[in-house]
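In what follows, a structure is listed as structure tokens, so that the remarks can point back to it.
The values are calculated or read from the model by the stated rules, or taken from the named source; none is laboratory data. This is a predicted model, so every value here is computed, not measured. All Cβ positions, even for glycine, are placed from backbone atoms using ideal geometry, and neighbour counts span all protein chains on display. These accessible areas exclude ligands, DNA and RNA; they are computed on the full protein's heavy atoms, side chains included. Shrake-Rupley method; radii C 1.70, N 1.55, O 1.52, S 1.80 Å.
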Amino acid sequence: MANALTFPTREPHQAFRLSMLLNDSRYRSYTIQIFVLMCLMLGIAWLVDNTVRNLALLGKDFSFSFLWSTAGYDINQRLIEYDTQMTHGRAALVGLLNTVVLAVLSCVLATIIGVMAGVLRLSGNPIVARLTTVYVEVFRNIPLLLWILVFGAIMSEAVPAPNAFKGASATASMIFGAVAITNRGVFIPEPLFARDLGTLNLGIFQPSLNAVAVLVVVITCILVNRALMRHASRVQSQTGVRPVTWWTSAMILAAPPLLLLWAFGFHLGYPELRGFNFQGGLQLRNSLIAMWLGLSIYTGAFIAENVRAGILAISKGQTEAAYALGLRPGKTMRLVILPQALRVLVPPLISQYLNITKNTSLGLAVGYMDLRSTLGGITINQTGRELEGMLLLMLVYLSLSLIISGSMNVYNARVGLKER
Amino acid sequence: MKKSLFLVTVSAVALLSGSAVAGTLDEVKARGKLNCGVSSGTAGFSAPDAKGVWQGFDVAFCRAVAAAVLGDPMEVEFVPTTGQTRFTALASGEIDVLSRATTWTFSRDTDLKLTFAGTNFYDGQAFMVKKELGVSSAKDLNGATVCIQSGTTTELNLAEYFRINKMSYEPVPVDSSAEGERQYQAGACDVYTSDGSNLASVRASFKNPPDHVILPEIISKEPLGPIVRQGDEQWADIVHWTQNALFAAEELGVTKANVDQLADGSDNPEISRLLGREGDLGKMLGLDADWARRAIAAGGNYGEIFAGNLGDQTPIRLERGLNALWTKGGLMYAQPFR
């Protein structure tokens, strides 16, 4: 008897019939799924077959060997060593780095602009709030390409040419004698080291050893400072009194890097006008500035809306409760509102970062030599490898996006609600 | 049901891939329009006029092909292309012929799988600078900022020229001739480099052309001509011989004005063969006997097309130079119509 209760009685065996694939709800979903999958595979097979046939028809093969042939064209903005005698693969890498630099610069600036505009839009001051509303609505409702072209046109049409800085009757002058804004780009001072340690050879990348040393010291200082802060917090939770750390913290953060810079003979190299153009200093080309401003200000408008939504999502009761506990407004924002707002904020922020990265491919419009312009433009054009080039381009953008999305998801998991 | 859907898919695949094999001539005839890739706006070569009708040297050539093949020079769909999109447009079948001042080079002919249907313009790369700069030779351009159309042979020539002369420069890549003009005029670059004819065209469109000089150095050979896809010999022949017909017409004195009269009767047997009165050259090409007559009637012979779009009477004021007939010291030479 007990056995009969523990083991359910077996259902009467029913012979499988073909019509059950459609009529029986147990099998129907499988039928539909397999059918859709087959259609999808057929579609893919057709695309591949079509490509192979058409390539054969054109007498073209499928090969990536073009990446190892001489590029022959120049790239104006390069972060790694490159000249015309290097390969198409190298040119593509130069383009990729330009894409990454632009994406990083734009993500940072867009976040700053977005957070400021988002907070200001909630401001009690009606003028400030209205002005930010105008900014958000104007920028996010006009296509990005137009903004990029507008900034490109401003940079080439509305700023003085380098020879306006020349001679006694100069009509333009450098800002603080250090920054020159010209229609060839913005020239800013560059960091230089009197005692050069040479470069670190990492194959493709050859960073200056001085810069690497400074970076390592700065990171070490930050880590040491964090340990100090943790120690202070521990003392505070044990004794209730937080030790005074500001001056030790300042010493740890500032002294070693400054000493190192002094030892290296750090100084700034100022741009100066020679011949056709400014020489020396760091040149931020018009194309970079136009892309940077266009992308940041446009995407900043979207981020502003995300930020506003994130803050509004936290109920007013949270603020009131924090005030009731005696927290001041600054601490309320930092300790109560923002950590909760970030949860709402991070997922849409990820997609904005992805948008920025993908939108860098508009660079061609202002002649910015990103991956799309080098590999996807000139290289494809000179070698006739449209299919291979486009596939490679898609693969790179896909990987870039997945990396960003992956690392942002890790961050999201860290700020997310810890459910136990 | 599943089976029938599968069969439909298979036959659709077969049909779609089958249609790609048909010849360009049949496709153009079936469509009733010639798709012709041109530049997106270069005065004298290809640009729409005030009424929106495309005009220019490259355009006139497409009209001649359309007249020969379809009987009407206006049955052309002009597809504006940039330096970077032109070959993809041709390879993908978006256009039937590319008439866009494209340089005939070894690698384009072989590796890019293009067929050049002949040269209709002999050009060379030059530099244009503002007169106030006081530059008289390209050798003085060390350190200059140079505007250059991306994806062109000029880009490679430029890099090579500065490299062998041990000079440095800052390239500013632009997407089209119009963008290059804008950047150059705004002063975002010191120099604009392109084919000499293109520079002449650009300069002619400026408010004050004498303020700009084209430097004397010609740093490359740029034989320009129409292009078709490789692998369709009949279509390549049609484009090639239409172009030859225009050269031959100039050589034989056949003009837009007298082509109908000469077609009705001429003492010169080559004219008779060209215009379809004798022999059956048109049939050999897969066209009718009057093909060349229509092509010449569309915009005149080569000389008339040149004079009407680029010559002394136009703002561009190009001299014939190398583009004169071989009988007049130039390089234009039509293979015999026989």
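Per-structure values
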quantity	calculated
Options B:Gly276, B:Gly225; residue that is small (Gly, Ala, Ser) and part of a strand (DSSP E or B)	B:Gly225
Qualifying positions in the stretch B:279-288 - open to solvent by 40 Å² or more (accessible area, probe 1.4 Å) and outside any helix (DSSP H, G or I)	B:Gly279, B:Asp280, B:Asp288
Where A:Val336 falls short, out of the listed (1) more than 14 Å from chain B (Cβ to nearest Cβ); (2) at pLDDT 90 or above; (3) over 21 Å from A:Ala304 (Cβ atoms)	(2)
Verdict on A:Gly280 being crowded, with 21+ Cβ neighbours inside 10 Å and of a type outside the set (A, V, I, L, M, F, W, C)	no
Near pairs, Cβ below 9 angstrom, 6+ apart or cross-chain, from the stretch B:167-185 (more than 9 Å from every other protein chain (Cβ to nearest Cβ) and under 19 Å from A:Val159 (Cα atoms)) to any residue that is open to solvent by 20 Å² or more (accessible area, probe 1.4 Å) and of a type in the set (A, V, I, L, M, F, W, C)	B:Gly180/B:Val172
So A:Gly294, is it closer than 30 Å to B:Gly180 by Cα and away from chain B (no Cβ under 14 Å)	yes
Given (1) among the hydroxyl-bearing types (Ser, Thr, Tyr); (2) out of contact with any helix residue (DSSP H, G or I) (no Cβ under 6 Å at 6 or more places or on another chain); (3) more than 10 Å from every other protein chain (Cβ to nearest Cβ), index of the condition B:Tyr122 fails	(2)
Of residues in the stretch A:174-185 being among the aliphatic types (A, V, I, L, M) and assigned to a loop (DSSP other than H, G, I, E, B), the one least open to solvent (accessible area, probe 1.4 Å)	A:Ala178
Candidate set from the stretch B:289-338 (those that are of a type in the set (Ser, Thr, Tyr) and open to solvent by less than 30 Å² (accessible area, probe 1.4 Å)); member that is nearest to B:Pro210 (Cα to Cα)	B:Thr314
Scope the stretch A:364-384; condition more than 9 Å from every other protein chain (Cβ to nearest Cβ) and over 24 Å from the mean Cα position of the chain (by Cα); matching residues	A:Thr379
Listing of strands (runs of 3 or more DSSP E) fully contained in the stretch A:210-328 that carry 1 or more residues being among the aromatic types (Phe, Trp, Tyr)	A:266-269, A:277-279
A:Leu364 vs. criteria within 30 Å of B:Thr110 (Cα to Cα), free of Cβ contacts under 8 Å to residues at least 60 places away in the same chain and in a helix (DSSP H, G or I)	yes
Sole residue being in contact (Cβ under 8 Å) with a residue 40 or more places away in the chain and among the β-branched types (Val, Ile, Thr), chosen from A:Val52, A:Val94, A:Val104, A:Val48	A:Val94
Members of the stretch B:129-154 that are in contact with a His (Cβ under 9 Å, 6 or more places away or on another chain) and either within 24 Å of B:Ala324 (Cα to Cα) or within 13 Å of another protein chain (Cβ to nearest Cβ) (or both)	B:Val129, B:Lys130
In the stretch B:300-331, the residues that are under 12 Å from B:Ala249 (Cα atoms) and either touching a residue at least 60 places away in the same chain (Cβ under 8 Å) or assigned to a loop (DSSP other than H, G, I, E, B) (or both)	B:Gly300, B:Asn301, B:Tyr302, B:Ile305, B:Leu325
Total residues in the stretch B:212-234, condition open to solvent by less than 10 Å² (accessible area, probe 1.4 Å), within 19 Å of B:Leu70 (Cβ to Cβ) and within 14 Å of chain A (Cβ to nearest Cβ)	1
Flag for B:Ala257 being of a type outside the set (Val, Ile, Thr), buried (at least 23 other Cβ atoms within 10 Å of the Cβ) and closer than 19 Å to B:Gly300 by Cβ	no
Filter result for A:Met41 (free of Cβ contacts under 8 Å to residues at least 12 places away in the same chain and surrounded by 13 or more Cβ atoms within 10 Å (Cβ to Cβ))	no
Positions within the stretch B:322-338 being over 18 Å from the mean Cα position of the chain (by Cα) and of a type in the set (Gly, Ala, Ser), in sequence order	B:Gly329, B:Gly330
Test: residue in the stretch B:237-247 that is more than 14 Å from every other protein chain (Cβ to nearest Cβ), farther than 22 Å from B:Lys328 by Cα and open to solvent by less than 40 Å² (accessible area, probe 1.4 Å)	yes
Unmet criterion (only one of (1) within 14 Å of another protein chain (Cβ to nearest Cβ); (2) part of a helix (DSSP H, G or I)) for A:Leu342	(1)
Residue count for the stretch A:55-77, restricted to those that are in contact (Cβ under 8 Å) with a residue 24 or more places away in the chain and more than 7 Å from chain B (Cβ to nearest Cβ)	10
Per-region count, the stretch A:392-420, residues among the aliphatic types (A, V, I, L, M), open to solvent by 80 Å² or more (accessible area, probe 1.4 Å) and part of a helix (DSSP H, G or I)	6
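Yes or no, residue by residue, for (1) among the aromatic types (Phe, Trp, Tyr); (2) surrounded by fewer than 19 Cβ atoms within 10 Å (Cβ to Cβ); (3) not in a loop (DSSP other than H, G, I, E, B):
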| residue | (1), (2), (3) |
| --- | --- |
| A:Ile148 | no, no, yes |
| A:Phe151 | yes, no, yes |
| A:Met155 | no, no, yes |
| A:Ala164 | no, yes, yes |
| A:Gly167 | no, yes, no |
| A:Ala172 | no, yes, no |
| A:Phe187 | yes, no, yes |
| A:Pro191 | no, yes, yes |
| A:Leu197 | no, yes, no |
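Here's the yes/no breakdown for (1) of a type outside the set (Val, Ile, Thr); (2) under 25 Å from the mean Cα position of the chain (by Cα); (3) open to solvent by less than 30 Å² (accessible area, probe 1.4 Å):
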| site | (1), (2), (3) |
| --- | --- |
| B:Lys166 | yes, no, no |
| B:Tyr169 | yes, no, no |
| B:Glu181 | yes, yes, no |
| B:Val191 | no, yes, yes |
| B:Pro209 | yes, yes, no |
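Residues checked against (1) part of a loop (DSSP other than H, G, I, E, B); (2) open to solvent by 40 Å² or more (accessible area, probe 1.4 Å); (3) at pLDDT 90 or above; (4) in the same structural domain as A:Gly377 (by TED's automatic domain parsing):
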| position | (1), (2), (3), (4) |
| --- | --- |
| A:Thr9 | yes, yes, no, no |
| A:Leu21 | no, yes, no, no |
| A:Arg28 | no, yes, no, no |
| A:Thr31 | no, no, no, no |
| A:Asn54 | no, yes, no, no |
| A:Ser63 | yes, no, no, no |
| A:Glu81 | yes, yes, no, no |
